[in-house]
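Structure first, then comments.
Computed from the coordinates by the stated procedures, all read-outs in this text should not be read as laboratory data. Here the structure is a predicted model, which is why all the values come from computation and not from measurement. Heads up, the Cβs are rebuilt from the backbone with ideal geometry, glycines too, and the neighbour counts pull from every protein chain shown.
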Amino acid sequence: MLDQLQTLEKEALAALEAASDQKALDEWRVRYLGRRGALTTLMRGLGQLPPEERPKVGQVANQIKQTLEAAYSRRREEIKQAELEAQLAADAVDVTLPGRPVALGRLHPTTQSLRRIYEIFADMGFQIYDAREVEYDEYNFGLLNMPPHHPARDMWDTFWINDRVLLRTHTSPGQIHAMREFCPAPIRVILPGKCYRYEQVTARADFMFYQVEGLAIGRNITMADLKGTMENFVKRMYGGQRRMRLRGSYFPFTEPSVEVDIDCILCEGKGCRVCKYTGWLEIAGAGMVHPVVLRNGGYDPDKFTGYAFGMGVERPAMLKHRIDDIRYFYANDPRFLSQF
């Protein structure tokens, strides 16, 4: 049996050296070290030997088994290393090749429009004033001349957090914050930010959108100042050929109140689906600050006057770039965003 064991050891080591992959290794292990393998079969025959030979043969058999198991482990690591080196060689990067160009990010069209609006009003002496998006009912409605149960509140579909707190429906509450901070000094500020309304999402409206509020307060400010400010904005934002008009309207926090329209960019004032065949598109609501609002902000309406306006940001971007669906702005579609 000793001769058989030694012969089996040499045969097994030679076969192990010839194994070149994990599959061959598994087959070798089953063939020699498995439950029905050659070495296991020989070791089961120890019981048939004379009692005086069993210890010596058993010792040799165990040594051979340990030798084969150690050789198997070494060969397995060698094959793993060889496979890894082959994979690295196959995936090697040629560092002399030019790098792949990385697509550059772009500013969102809303951000581009906001920056253009900031630039235009900065040239007219306006500074940016940030106001909060989560607001008290008192600031969003009450101090803007809309006390509880005032019917004008129905003009804004509101997201309520509780009985006193809401997501602001417009940027107008920032007027009160700005007035109370700067009073009694004159004011010329714009208040950009997000607004929220519980409205159906359509091609023309979304439940979240940006607005830019404007506020100017001083002595002897008139409607002519408001008109001149809006005309300058329209010419610089949409082009010198654009026409503008003011239409009488109603807002509780301004008196008198107007809507600011420009001739439709898409149809050049001839009438189309976007302008509802009127030839005109609304871009802002505006008016002279109501005396009650001035007083709530800390100003004496007998000494100070002012004007205010509020405009969307996505709408001007839609007009400027001829976009026909506001939902594109926040769908995060690279095909849309990469155009700007």
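Just a few scattered comments:
- Fewest-first ordering of Met244, Met208 by other beta carbons within 10 Å of each residue's beta carbon gives Met208, Met244.
- Cα-based helix-to-principal-axis angle, 109-123 vs the chain, degrees rounded to 10: 40
- Ranking of Glu52, Glu83, Glu135, Glu259 by neighbouring Cβ atoms within 10 Å, starting from the fewest: Glu52, Glu83, Glu259, Glu135.
- Within the same chain, aspartates and glutamates fewer than 8 places from Lys65 are excluded, and of the rest, those with a Cα less than 14 Å from its Cα are Glu9, Glu11.
- Cys residues of the chain counted as unpaired, since no other Cys beta-carbon is under 4.7 Å: Cys183, Cys195
- For the chain, the Cβ-based charge dipole about the Cα centre amounts to some 520 debye (Lys, Arg positive; Asp, Glu negative; other atoms uncharged).
- Efficiency of FRET between His321 and Lys10 - r from beta-carbon atoms, R0 56 angstrom, step 0.05: 0.10
- Helix 173-182 vs. the chain, principal-axis angle (Cα, 0 to 90°, nearest 10): 70
- Under 26 Å from Lys303, Cα to Cα: lysines that are on another chain or at least 8 residues apart: Lys227
- Centroid-to-centroid separation of the range 1-38 and the range 185-246 [C-alpha atoms, Å]: 86
- When Rg and Dmax of the Cα atoms in Å is computed from the coordinates, the matching label among (i) 19.8, 63; (ii) 19.5, 59; (iii) 40.8, 126 is (iii).
- By the rule of a C-alpha distance below 16 Å, with chain neighbours fewer than 8 residues away ignored, the aspartates and glutamates paired with Lys235 are Glu119, Asp123, Asp225, Asp261, Asp263, Glu268, Glu282.
- Angle in degrees between helix 223-238 and the longest Cα principal axis of the chain, rounded to the nearest 10: 40
- Linear extension gain, Lys23 paired with Arg219, 0.36 nm per residue minus alpha-carbon span: 61.4 nm
- Computed over neighbours whose Cβ is under 11 Å from that of Lys235, the net charge equals +2, Lys and Arg +1, Asp and Glu -1.
- Percentage relative contact order, the chain, counting C-alpha pairs under 8 Å, at least six apart: 15
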